[in-house]
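> Handing you a structure now.
Coordinate-derived values only; no laboratory data. What you see is a predicted model, and the numbers here were worked out from it, not measured in a lab. A quick note on method: Cβ atoms are made from the backbone with ideal geometry, for glycine too, and the neighbour counts reach across all protein chains shown.
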Amino acid sequence: MKVTGLALGFHLCRSAGVILSLVLLVAVSMAVSAPAAAARTDTTPPVFAGLKSAITCIPGPGGGGTTASYNLTWDAARDNRTPAKRIIYDVYQAETSGGQDFSTPTYTTPAGATSFTTPELPTDRDFYFVVRARDQTGNSDSNKVERQGVNLCV
C-alpha cells in the first residue's frame with residue numbers, strides 16, 4: 001500500500017489533533033478537579049469571636065402583644081480558604097440561657113454579613129442568641145458566646 005505525502009500529512013495531523021484534544025481534556029479536568037479536591041480536604045473551621053451585641057429599642061413597657069426586632073452584630077470571621085465576604089453566619093435563638101439547638105440554626109445570613117436583624121419577636125419574653133461562622137466547605141466554628149437581647153430604650 002502506497003501512502004502519499006498528502007495522505008500521510010492528513011493522518012498525522014488528524015492524530016495530532018486527537019492527541020491535542022485529549023491533552024486539553026485532561027488539563028481542563030485537572031483544573032476543575034483541583035479546587036474541588038482542595039475544598040474536600042478543608043477541615044479547618046473559621047476563626048470567629050462570636051456575637052458582640054443583641055439590641056432592640058422598645059419605648060415604654062413591653063408586653064401585651066407588642067413585638068420588636070433585635071439587631072445582632074459581630075466582627076467578620078477569618079478562614080484559611082474562604083474569603084470573609086463568602087463566610088455565612090448561622091444564628092441560634094433561645095428563650096433560655098444556653099437553650100440553643102446547634103443542630104439547626106434559627107436564621108442564616110447572606111455571605112459576608114456582619115449583622116442581622118431578627119423578625120419581630122414578642123417583647124414579653126427574653127431572647128438569647130449565639131452566632132457561628134460557616135465557611136464554603138461547611139466547616140462551622142463552635143463558639144458559645146451568648147448575648148441576651150437588651151432593650152436600650154427603657
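> List the trypsin sites (Lys or Arg not before Pro) within the range 102-137 that fall in a DSSP loop (any state other than H, G, I, E or B) and whose Cβ has at most 16 other Cβ atoms within 10 Å. Provide the component values of the computation, followed by the final result.
Details: sites: ARG125, ARG132, ARG134; in loops: ARG125.
Answer by residue number: ARG125.
> How high is the relative contact order of the range 51-151, given as a whole-number percent (alpha carbon pairs under 8 Å, six or more residues apart)?
37 percent
> Between ASP75 and LYS52, how many nm apart are label points set 7 Å from Cα along the C-beta direction?
Here the answer is 0.8 nm between the modelled labels.
> To continue, here is another question. Determine the shape class of the range 85-154: with a ≥ b ≥ c the square roots of the Cα gyration tensor eigenvalues, call it rounded for a/c under 1.5, and otherwise prolate if a/b is greater than b/c, oblate otherwise. Let's see the in-between values first.
On the way: a/c = 2.37, a/b = 1.65, b/c = 1.43.
Prolate shape, in that a/c is at least 1.5 and a/b is the bigger ratio.
> Turning to a different aspect of this structure: Quick one: if you stick a label point 7 Å off each Cα along the C-beta vector at GLN136 and THR43, how many nm between them?
Label at GLN136, label at THR43, 2.1 nm between them.
> Under 5 Å between amide H atoms, partner at least 5 residues away or on a different chain: which partners does LEU121 have, H built in plane at 1.01 Å?
ALA68, SER69
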